[in-house]
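Everything below concerns the one structure shown next.
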Amino acid sequence: MATAPSSLHPLHQDFLCPKYPRLYHNSQFRTPRLRRRPTGTGRPPSRFPSFAIRASSVVTLPPEWKSSTEESESSGVELLACPVCYEPLIRKGPPGLNLQAIYRSAFKCKKCDKSYSSKDIYLDLTVIAGLKEYVEVKPVGTELFRSPLVSFLYERGWRQNFNRSGFPGIDEEFKIAQDYFKSAEGGVLLDVSCGSGLFSRKFAKSGTYSGVVALDFSENMLRQCYDFLKKDPTLLATNLALVRADVSRLPFPSGSIGAVHAGAALHCWPSPSNAIAEISRILRSGGIFVGTTFLRYTSSTPWILRPLRERALQDYSYLTEEEIEDLCTSSGLINYSSEVQQSFIMFSAQKP
């Protein structure tokens, strides 16, 4: 994610790039009325300096997690898969989609002969996991959220200021998403690009799903997520897993997930088309995909301003309503619908 070009006048930056609002200590937000538009049935080096404020780099684990137990290969088909070949992983350790079970387990792909470990409390299922020589630097939009400072600030003012661009607020966004996910209740929900786990925690605490996977590419976001989880002991006991993975290479077998949520995420993805195709691949028949993002412009944006926004945002994944629908339908999803308010859009689509 990147800010507006520095050549723009400061007064124009919030207008052109609403996802980077300035932080205010006493901002007051109102929940706007939404307009619904149904339309169909090895860690690389950071580019950012170190900061005094940061997500915990040393994870403190509950003592009982560290106790040694006899490891045994869990029975049944593993939900987690190898990001290289998509074959279900073999687990050595206690079964379960929860933090303790995954931390005490070892995972290996029988086909690729590659092992994956749960370090820093999250399970690293990226293609580059464990590499010693090769390092990979992602686009600036991805690298920004690997910054310890941004991870720390995300729930401490950064995300709340999205309301200035039409986002209705966390509680209202969660309520609308839950309405979309009605048919997916009782299954596994994947929260991609989960950030600090703002919605992951809400989904897990609702008790609506058999398991919740909080997935992000940012190591610091996942550490920040765990810091928040530690403050609520009831969440540590829920079926909530922390997984590091690339949204364009999701570590799940095809047709295995009932619900996918992507909150304020699509505009951060290097390739939205690859990401949505991957989401479509892992959704089971009848599965639901719900996402929110910032629009490049809407039908109400004056024509005279559209070319300016096009030029200013051409290097980022700000899409239009029509482009988002096109990506979903071209990836095989149906029953697309959306709700729009200012630059905010919440959209939903279903796997046939």
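Summary table below
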quantity: Long-range amide H partners of GLY287 with built H, under 5 Å; calculated: LYS351
quantity: Solvent-accessible ranking of LYS205, LYS132, LYS351, largest area first, probe 1.4 Å; calculated: LYS132, LYS205, LYS351
quantity: Whichever lysines have a C-alpha closer than 20 Å to that of LYS138, once near sequence neighbours (fewer than 8 apart) are set aside; calculated: LYS19
quantity: Cut-off under 5 Å, modelled amide H: who pairs with LEU80 long-range; calculated: LEU89
quantity: 3J(HN,Hα) from dihedral phi, segment 271-280, Karplus parametrisation 6.51/-1.76/1.60, rounded to Hz, x for glycine, proline; calculated: 9, x, 5, 5, 5, 5, 4, 5, 4, 4
quantity: Protection proxy ranking, peptides 109-121, 93-105, average beta carbon neighbours within 10 Å, highest first; calculated: 93-105, 109-121
quantity: Test item: Cα-centred dipole of segment 167-270, Lys/Arg +1 and Asp/Glu -1 on Cβ, debye; calculated: 220
quantity: Integer Hz, Karplus 6.51/-1.76/1.60 couplings in order for segment 121-134, x for Gly and Pro; calculated: 6, 10, 8, 8, 10, 8, 4, 8, 4, x, 5, 9, 9, 7
quantity: Largest-first ordering by accessible area, 1.4 Å probe, given options ILE257, ILE334; calculated: ILE334, ILE257
quantity: Out-of-range pairs (alpha-carbon distance over 28 Å; input LYS119/LYS231; LYS132/LYS205; LYS111/LYS132; LYS108/LYS231; LYS110/LYS132; LYS175/LYS231); calculated: LYS132/LYS205; LYS108/LYS231
quantity: In sequence order, calculated HN-Hα J values of segment 150-163 (Karplus, 6.51, -1.76, 1.60; Hz; x Gly/Pro); calculated: 5, 4, 5, 7, 4, 9, 10, x, 4, 5, 5, 6, 4, 4
quantity: Solvent-accessible surface (1.4 angstrom probe) belonging to THR238, in square angstrom, nearest 10; calculated: 30
quantity: Amide H contacts under 5 Å for LEU190, placed H, 5+ residues apart; calculated: VAL213, ALA259, VAL260, HIS261
quantity: Cα→Cβ-extended label distance, 7 Å offset, between ARG164 and SER117, nm; calculated: 4.3
quantity: Contour excess over end-to-end distance, with Cα ends at ILE334 and ILE90 and 0.36 nm allotted per residue; calculated: 84.5 nm
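The values are calculated or read from the model by the stated rules, or taken from the named source; none is laboratory data. These numbers were taken from a predicted model, which means no experiment stands behind them. As a convention, Cβ positions derive from the backbone with ideal geometry for all residues, glycine included, and neighbour counts pool all protein chains shown. For the accessible areas, the whole protein counts, side chains as well, though only heavy atoms, and no ligand, DNA or RNA atoms are used. Shrake-Rupley method; radii C 1.70, N 1.55, O 1.52, S 1.80 Å.
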